[in-house]
Amino acid sequence: MTLVLAWNMVEGVAVAADTMFGSNFQTVAMAGPKIFSVPIVLNRWGDRIATEKTYLPNMGFAFAGNSFAGQTAHGLATTCLQNLVSLVENDTGPTVEEVANLYARCAALVVNERRQWLRTDAHLFEGLVFGRSTPEASAQAFTFEVRIDDNALAMCTAEEVDFTRIAVMVLGSGTEAVREIVESARGTGTILNALDVLRQVMDDPEVPSVGGYQQYAVAAVGGVEIRPSLSVVPLASALVV
């Protein structure tokens, strides 16, 4: 499982996540990426056989839940988004909402395909798409969650996150631990930092499904930037030459 936090700041929507692959019972990897850059390319037919390509600012995608399904949906969506055909001049490309709707559709397709071979809810995951529709637009974030309907089919719709109503959007496991940290700080004058909150949950032995390292991304004006985050390396594991 994974813990994903999203919040709004002056620079734009910021997203952080842990990197552990696995569950409460088994760890598969400690360095599994959960936040991805989403490239968008417009292809326009000109006088040549090859198309003229316009590379738009990247958007971002993060997920919590089944790693295979989440990464497969991301691969399917980005393949589509790098092969968009533009038929009009001054095409600004898809909006954040349109990209989120595409991801939601790909998520349902992937989960339905997997459930044909193994009918279990272990394939389900939640996703977050964030970015700017244009460099001048405000940053936005949309969430979606794959669910199984009464006909045993996966369904998924994207909804915009209203950061005027909530301070931090939380996806995945560790939600209750985040709530406890926030409630313990309420009324004390303590200023919480989302990255510090994520680190506290990662270090909490009561939440074994969240761990590894931190990923961090920001929907800046020039596109989503996945930025490095620092972690303390124990001296015993440092390479001495």
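Could you count how many residues in the range 201-221 are assigned to a helix (DSSP H, G or I) and touching a helix residue (DSSP H, G or I) at 6+ places or on another chain (Cβ under 6 Å)? Steps first, please.
Initially, the range 201-221 is screened for residues assigned to a helix (DSSP H, G or I), giving 201-202.
After this cut, where a residue has to be touching a helix residue (DSSP H, G or I) at 6+ places or on another chain (Cβ under 6 Å) as well, the list is 201.
Selection size over the range 201-221: 1.
Within the range 25-34, identify whether any single residue is surrounded by fewer than 22 Cβ atoms within 10 Å (Cβ to Cβ), under 17 Å from the mean Cα position of the chain (by Cα) and among the aliphatic types (A, V, I, L, M), and answer yes or no.
Step one: filter the range 25-34 for residues surrounded by fewer than 22 Cβ atoms within 10 Å (Cβ to Cβ), giving 25-33.
Checking the rest, the ones that are also under 17 Å from the mean Cα position of the chain (by Cα) come to 31-33.
Applying the additional criterion that residues be among the aliphatic types (A, V, I, L, M) yields 31.
Looking through the range 25-34, at least one residue is surrounded by fewer than 22 Cβ atoms within 10 Å (Cβ to Cβ), under 17 Å from the mean Cα position of the chain (by Cα) and among the aliphatic types (A, V, I, L, M).
Being small (Gly, Ala, Ser), over 14 Å from the mean Cα position of the chain (by Cα), crowded, with 17+ Cβ neighbours inside 10 Å and within 21 Å of ALA69 (Cα to Cα) is the filter here; which residues of the range 136-172 pass it?
First, pick out the residues of the range 136-172 that are small (Gly, Ala, Ser): 137-139, 141, 152, 154, 158, 167, 172.
Right, trim to over 14 Å from the mean Cα position of the chain (by Cα) and you get 137-139, 152, 154, 167.
Of the ones still in play, those that are also crowded, with 17+ Cβ neighbours inside 10 Å are 139, 154.
Across the range 136-172, the qualifying residue is only ALA154.
To keep it simple, each residue is scored yes or no on (1) among the small types (Gly, Ala, Ser); (2) surrounded by 20 or more Cβ atoms within 10 Å (Cβ to Cβ); (3) touching a residue at least 40 places away in the same chain (Cβ under 8 Å); (4) closer than 23 Å to VAL10 by Cα.
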{"site": "ILE191", "(1), (2), (3), (4)": "no, no, no, yes"}
{"site": "LEU195", "(1), (2), (3), (4)": "no, no, yes, yes"}
{"site": "VAL201", "(1), (2), (3), (4)": "no, yes, yes, no"}
{"site": "PRO205", "(1), (2), (3), (4)": "no, no, no, no"}
{"site": "GLY212", "(1), (2), (3), (4)": "yes, yes, yes, no"}
{"site": "GLN215", "(1), (2), (3), (4)": "no, yes, yes, yes"}
{"site": "GLY222", "(1), (2), (3), (4)": "yes, no, yes, yes"}
{"site": "ARG227", "(1), (2), (3), (4)": "no, no, no, yes"}
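Taking the stated definitions as given, is SER67 farther than 28 Å from ALA154 by Cβ and in contact with a strand residue (DSSP E or B) (Cβ under 6 Å, 6 or more places away or on another chain)?
Details: farther than 28 Å from ALA154 by Cβ: no; in contact with a strand residue (DSSP E or B) (Cβ under 6 Å, 6 or more places away or on another chain): yes.
Here the answer is no, as SER67 does not meet what is asked.
Is it true that some residue in the range 121-135 is over 13 Å from the mean Cα position of the chain (by Cα), aliphatic (A, V, I, L, M) and either in a strand (DSSP E or B) or closer than 29 Å to VAL221 by Cα (or both)?
Scanning the range 121-135, I find no residue that is over 13 Å from the mean Cα position of the chain (by Cα), aliphatic (A, V, I, L, M) and either in a strand (DSSP E or B) or closer than 29 Å to VAL221 by Cα (or both), so the answer is no.
I need the full set of residues from the range 75-91 which are open to solvent by 60 Å² or more (accessible area, probe 1.4 Å), β-branched (Val, Ile, Thr) and in contact with a strand residue (DSSP E or B) (Cβ under 8 Å, 6 or more places away or on another chain), in order please.
VAL85
Condition check: in contact with a helix residue (DSSP H, G or I) (Cβ under 9 Å, 6 or more places away or on another chain) and either touching a residue at least 24 places away in the same chain (Cβ under 8 Å) or surrounded by 21 or more Cβ atoms within 10 Å (Cβ to Cβ) (or both). Does VAL41 satisfy that? So that I can check it myself, show each step before the final result.
Details: in contact with a helix residue (DSSP H, G or I) (Cβ under 9 Å, 6 or more places away or on another chain): yes; either touching a residue at least 24 places away in the same chain (Cβ under 8 Å) or surrounded by 21 or more Cβ atoms within 10 Å (Cβ to Cβ) (or both): yes.
It is true that VAL41 is in contact with a helix residue (DSSP H, G or I) (Cβ under 9 Å, 6 or more places away or on another chain) and either touching a residue at least 24 places away in the same chain (Cβ under 8 Å) or surrounded by 21 or more Cβ atoms within 10 Å (Cβ to Cβ) (or both).
So which of LEU109, LEU102 ends up being open to solvent by 80 Å² or more (accessible area, probe 1.4 Å), touching a helix residue (DSSP H, G or I) at 6+ places or on another chain (Cβ under 8 Å), in contact (Cβ under 8 Å) with a residue 12 or more places away in the chain and not in a loop (DSSP other than H, G, I, E, B)?
On the way: LEU102 fails: open to solvent by 80 Å² or more (accessible area, probe 1.4 Å).
Just one listed residue meets the conditions, LEU109.
Could you tell me whether any residue of the range 10-32 is farther than 24 Å from ALA167 by Cα and among the acidic types (Asp, Glu)? Show your work before the answer.
As a first pass, look at the range 10-32 and keep what is farther than 24 Å from ALA167 by Cα: 20-32.
Filter once more, so that each one left must be among the acidic types (Asp, Glu): none.
Scanning the range 10-32, I find no residue that is farther than 24 Å from ALA167 by Cα and among the acidic types (Asp, Glu), so the answer is no.
Just checking, how many residues over the range 44-74 are part of a strand (DSSP E or B), open to solvent by less than 10 Å² (accessible area, probe 1.4 Å) and not aromatic (Phe, Trp, Tyr)? Let's see the steps before the verdict.
We begin by selecting, within the range 44-74, every residue part of a strand (DSSP E or B); these are 44, 52-65.
Adding the requirement that they be open to solvent by less than 10 Å² (accessible area, probe 1.4 Å) leaves 59-64.
After this cut, where a residue has to be not aromatic (Phe, Trp, Tyr) as well, the list is 59-60, 62, 64.
The total comes to 4.
For residues that are of a type in the set (S, T, N, Q) and not in a strand (DSSP E or B), scanning just the range 5-24, find the one that is surrounded by the fewest Cβ atoms within 10 Å (Cβ to Cβ).
The initial filter retains those residues of the range 5-24 that are of a type in the set (S, T, N, Q), namely 8, 19, 23-24.
Pick out the ones that are also not in a strand (DSSP E or B) and you get 19, 23-24.
Working: THR19: 19, SER23: 13, ASN24: 10.
Checked the range 5-24; the qualifying residue surrounded by the fewest Cβ atoms within 10 Å (Cβ to Cβ) is ASN24.
The values are calculated or read from the model by the stated rules, or taken from the named source; none is laboratory data. Remember, it's a predicted structure, so these values are computed and weren't measured experimentally. Positions of Cβ are generated from backbone atoms using ideal geometry, with glycine treated the same way; all protein chains shown enter the neighbour counts. Protein only, heavy atoms only, side chains kept; ligands, DNA and RNA dropped before computing areas. Shrake-Rupley method; radii C 1.70, N 1.55, O 1.52, S 1.80 Å.
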